[in-house]
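The values are calculated or read from the model by the stated rules, or taken from the named source; none is laboratory data. Just so we're clear, the structure is a prediction, and the values are computed from it rather than from any experiment. Here the Cβ positions follow ideal geometry from the backbone for every residue, glycine too, while neighbour counts run over all protein chains shown. Side chains included, ligands, DNA and RNA excluded: accessible areas come from the protein's heavy atoms. Shrake-Rupley method; radii C 1.70, N 1.55, O 1.52, S 1.80 Å.
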Amino acid sequence: MKVVLENLTKIFPSRDKKSGKEVVAVNDFTFEIPDGQLVGLLGPSGCGKSTTLYMISGLQKPTSGKIYFGEDDVTELSTENRGIGLVFQNYALYPHMTVKQNILFPLQNLKGKDKLSKEEMLDRALNAARLVQIDELMDRKPSELSGGQQQRVAIARALVKMPRVLLLDEPLSNLDARLRLQTREEIRRIQKETGITTIFVTHDQEEAMSISDVIVVMKLGVVQQIGEPQSVYDDPKNLFVAKFLGTPPINVLEGKVVDGKVYIGDDDVLDVTGVDDQEVYIGIRPEGLEPNDNGRLTCGLSNIEVMGRDASVVATNAASANPVVRAIINSDIRIDTTSQTIKFNVKPHKFFLFNKQTEERVYFEVK
Ligand code: ADP
Ligand code: MG
């Protein structure tokens, strides 16, 4: 089932009587989520991810705009009638019920033509439990489960009604690091197996990048960029998106373009064409800095952190917006650690320019 958002907007009245300023939580969001895909809604806390999800679920009404499931306009439809499965950060299981009873619960409320026989209900519950691999735990109470198992029960409960759309709001945030990794792979597997169109909200870029077919990066209620994770990473539209994606984060330095050369301080680091002289922010991915004795960018050398296959070179530069400049290199590459400085060449496809005022991308060609 495709999901279409059309000029979706949500404005909350002011909470603060003095300022009287309303909050535009979601601002004119238009997007068609293709059938059967997993879309990651990504952005810092407060950027409008949950509000978007709540509008899709029907828990909140848009101030303006429309929502379609397939060709059906569901904007005015109640949550119960939308055919969605919802999973939140806190698993919200009924503590006095067993796992089986928790999963059965949504089915027991079905009425009219949707009503199921007892056998059908049990069958569906067991299928959902198998899908999330908790069928061995059906008689336990939630208090007898780990966090990861509880979240699986919550996912099974969302799946048991065979929803048209699955909505997940930060479902992994309460899990420890290892379980988070494992459960996100599980969610991806379940989504692929069922083919349910899924919207996954997270503030964690690595999480969104690793499981999404498409990511939507938001900032202050406004969609910044939509695309496949790798293409957004490789081709960010503005400085915000460039900084939000990637660990370690992109290096940001102040610089300028003069006569077809990009300068960082006094170093001209790259020859370019098709760009006017101007002050810029320069973004260089950590994997885009190559140590080279004749490199064009000179930095102070702080230290080298070896991380197995890779090593992280920690350097400094007066033009850097961050305290350090970081390069990720193959750990086989030998660096003279007695030196005070290190020279790099930049890989042009890992090197981006942004307008100093608007912070929008400035495109160039390499000379
Ligand atoms: P996210 O999920 O990305 O962290 P939210 O969608 O929860 O962000 O919130 C977006 C913005 O809307 C925030 O500024 C938040 O304070 C505001 N907001 C959310 N819900 C309400 C509400 N019920 N009343 C007023 N403001 C709200
Ligand atoms: Mg939220």
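A few notes on this one:
- From the list R184, R189, R180, the lone residue that is surrounded by fewer than 24 Cβ atoms within 10 Å (Cβ to Cβ), under 15 Å from V39 (Cβ atoms) and either at pLDDT below 95 or not assigned by TED's automatic domain parsing to the domain that holds R82 (or both) is R184.
- Test: P106 is assigned by TED's automatic domain parsing to the domain that holds A154, loosely packed, with under 15 Cβ neighbours inside 10 Å and not in a strand (DSSP E or B): no
- Residue check for L59: within 30 Å of T9 (Cβ to Cβ) and within 16 Å of ligand 1 (Cβ to nearest atom): yes
- All positions within the range 245-300 that are in contact (Cβ under 8 Å) with a residue 12 or more places away in the chain, of a type in the set (D, E, K, R), more than 15 Å from V362 (Cβ to Cβ) and not in a strand (DSSP E or B): D259, R285, E287, D293, R296
- Counting the residues of the range 192-214 that are buried (at least 20 other Cβ atoms within 10 Å of the Cβ) and within 16 Å of ligand 2 (Cβ to nearest atom) gives 7.
- Here the range 109-150 is the region considered, the condition is being polar (S, T, N, Q) and assigned to a loop (DSSP other than H, G, I, E, B), and the residue that is nearest to N174 (Cα to Cα) is S146.
Residues checked against (1) surrounded by 15 or more Cβ atoms within 10 Å (Cβ to Cβ); (2) within 24 Å of V241 (Cα to Cα); (3) in contact (Cβ under 8 Å) with a residue 60 or more places away in the chain:
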| position | (1), (2), (3) |
| --- | --- |
| P323 | no, yes, no |
| T338 | no, no, no |
| P348 | yes, yes, yes |
| L353 | yes, yes, yes |
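- Of the residues in the range 61-84, none is open to solvent by less than 70 Å² (accessible area, probe 1.4 Å) and within 16 Å of ligand 2 (Cβ to nearest atom).
- Matching residues in the range 41-60 - criterion: being more than 12 Å from ligand 2 (Cβ to nearest atom) and either at positive phi or in a strand (DSSP E or B) (or both): G58
- Residue in the range 37-48 that is nearest to ligand 1 (Cβ to nearest atom), counting only those that are under 18 Å from V232 (Cα atoms) and buried (at least 20 other Cβ atoms within 10 Å of the Cβ): G43
- Residues located in the range 301-321, provided they are part of a loop (DSSP other than H, G, I, E, B) and either aliphatic (A, V, I, L, M) or touching a residue at least 40 places away in the same chain (Cβ under 8 Å) (or both): N317, A318, A319, A321
- One residue from M121, M218 being free of Cβ contacts under 8 Å to residues at least 24 places away in the same chain, at negative phi and buried (at least 16 other Cβ atoms within 10 Å of the Cβ): M121
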